[in-house]
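Colleague: Provided herewith is a single structure, encoded as structure tokens, for subsequent inquiry.
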Amino acid sequence: MARPPSPPLPVIDHKGGAKASQYHPNLGWEICQRICDGLTIKEIAADPAMPSYATIFHWRKMHPEFAAMYDACRDKLAWKRQMEAASLARASAERREQEVARGLRRRRPAGAGRKSTFTMEAALAVCVRLAAGQALSAICARPDMPSLKAVYTWLKRFPVFEAMYLTARDEQRMWLELKIEHVIGSCHWTQFEAAKAQVAQLQERLGRLTPKHYRPGGRAAPVTLEGEAFSGPLFGDHSGRVTRGPWLNGVLDED
């Protein structure tokens with residue numbers, strides 16, 4: 001299907017200084033069309049007729065209709081790539097079956113390959129430390145923890161671990177928000193500058209942890225364990241100590 005012609009575009013003023021927003025629906029439409037054509041935001045912003053890289057993301061925050069078009073284009077691209085990947089996988093499987101039928105290769109026996117290292121004990125240990133505020137890279141650097149590659153493989157292969165991981169990330173963000181509130185609420189006027197710097201540091205970390213966009217249906221629901229009534233955070237409290245029943249005892253040892 002041919003791409004519809006672009007509507008007339010207003011001229012973008014790239015000079016610095018304070019000015020009114022230059023957003024126009026035609027510009028928003030053109031940006032989204034170029035995204036659907038497969039261009040990156042940097043490639044779009046490199047065109048002098050287009051707004052800058054930062055301005056595009058600012059428009060997405062300030063103009064809901066542009067944000068809706070932008071997200072729809074991203075979802076369409078994601079769906080297209082998933083379909084292409086599925087098509088390639090089907091073609092590869094058909095080719096393997098044909099080679100097996102002609103005797104060019106053997107069929108791989110069921111259960112072949114290296115056994116997964118995933119265990120619930122290791123998954124809980126990772127999630128407890130995440131919820132306590134530790135970075136995933138620091139957790140995986142410990143000799144008794146799984147590697148980063150193993151953790152990301154578990155996220156792809158085990159939905160229960162994906163749900164646990166997302167819950168731990170949510171709690172990590174929640175404790176950071178509470179810590180920011182505590183710093184602000186307990187700040188004395190003589191310690192204003194130090195508190196301001198601490199809040200900025202916490203907000204910076206919170207920003208890095210916060211996902212920019214979850215696609216529809218792409219996020220797993222938080223897990224609930226059988227026999228455990230919800231009584232607060234799943235993985236820890238402010239100090240990272242376990243607070244939810246005997247099933248987590250001993251998972252988070254002393255550092």
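The values are calculated or read from the model by the stated rules, or taken from the named source; none is laboratory data. If you're wondering where the values come from, they're calculated on a predicted model, not measured in any experiment. When we count neighbours, we look across all protein chains shown, and the Cβ atoms used for this are built from the backbone with ideal geometry, even at glycine. When the accessible area is computed, the model is the full protein with side chains, heavy atoms only, and any ligands, DNA or RNA have been set aside. Shrake-Rupley method; radii C 1.70, N 1.55, O 1.52, S 1.80 Å.
Colleague: Run down LEU88, LEU27, LEU9 and say which single residue is in contact (Cβ under 8 Å) with a residue 40 or more places away in the chain and either in contact with a Lys or Arg (Cβ under 9 Å, 6 or more places away or on another chain) or of a type in the set (A, V, I, L, M) (or both).
Modeller: Exactly one of LEU88, LEU27, LEU9 is in contact (Cβ under 8 Å) with a residue 40 or more places away in the chain and either in contact with a Lys or Arg (Cβ under 9 Å, 6 or more places away or on another chain) or of a type in the set (A, V, I, L, M) (or both), namely LEU9.
Colleague: From GLN33, GLN22, GLN82, which residue is within 30 Å of ARG105 (Cα to Cα), of a type in the set (S, T, N, Q) and either more than 20 Å from the chain's Cα centre (by Cα) or part of a helix (DSSP H, G or I) (or both)? Walk me through it before giving the result.
Modeller: On the way: GLN33 fails: within 30 Å of ARG105 (Cα to Cα); GLN22 fails: within 30 Å of ARG105 (Cα to Cα).
GLN82 is the lone residue from the list that is within 30 Å of ARG105 (Cα to Cα), of a type in the set (S, T, N, Q) and either more than 20 Å from the chain's Cα centre (by Cα) or part of a helix (DSSP H, G or I) (or both).
Colleague: Would you mention how many residues in segment 25-40 are closer than 11 Å to CYS73 by Cα, of a type in the set (D, E, K, R) and either at pLDDT 90 or above or in contact with a strand residue (DSSP E or B) (Cβ under 7 Å, 6 or more places away or on another chain) (or both)?
Modeller: 1
Colleague: Among the residues of segment 126-142, is there at least one that is touching a residue at least 60 places away in the same chain (Cβ under 8 Å), of a type outside the set (Ser, Thr, Tyr), out of contact with any helix residue (DSSP H, G or I) (no Cβ under 8 Å at 6 or more places or on another chain) and part of a helix (DSSP H, G or I)?
Modeller: No, because not a single residue in segment 126-142 is touching a residue at least 60 places away in the same chain (Cβ under 8 Å), of a type outside the set (Ser, Thr, Tyr), out of contact with any helix residue (DSSP H, G or I) (no Cβ under 8 Å at 6 or more places or on another chain) and part of a helix (DSSP H, G or I).
Colleague: Kindly evaluate ARG114 against the criterion of being open to solvent by 40 Å² or more (accessible area, probe 1.4 Å) and in contact with a Phe, Trp or Tyr (Cβ under 8 Å, 6 or more places away or on another chain).
Modeller: Here the answer is no, as ARG114 does not meet what is asked.
Colleague: Hey, among ALA91, ALA123, which residue is of a type in the set (Gly, Ala, Ser), in a helix (DSSP H, G or I) and open to solvent by less than 40 Å² (accessible area, probe 1.4 Å)?
Modeller: Values: ALA91 fails: open to solvent by less than 40 Å² (accessible area, probe 1.4 Å).
Result of the check over ALA91, ALA123: ALA123.
Colleague: Of all residues being part of a helix (DSSP H, G or I) and in contact (Cβ under 8 Å) with a residue 12 or more places away in the chain in segment 58-70, which is most open to solvent (accessible area, probe 1.4 Å)? Just the residue, please. Break it down stepwise before answering.
Modeller: Step one: list which residues in segment 58-70 are part of a helix (DSSP H, G or I), which gives 58-62, 64-70.
This time we only want the ones that are in contact (Cβ under 8 Å) with a residue 12 or more places away in the chain, so: 59, 62, 65-66, 69-70.
Working: TRP59: 8, MET62: 116, GLU65: 93, PHE66: 0, MET69: 62, TYR70: 14 Å².
Across segment 58-70, the extreme among qualifying residues is MET62.
Colleague: Go through segment 149-173 residue by residue and tally those that are out of contact with any helix residue (DSSP H, G or I) (no Cβ under 9 Å at 6 or more places or on another chain), open to solvent by 60 Å² or more (accessible area, probe 1.4 Å) and touching a residue at least 12 places away in the same chain (Cβ under 8 Å).
Modeller: So the count comes out to 2.
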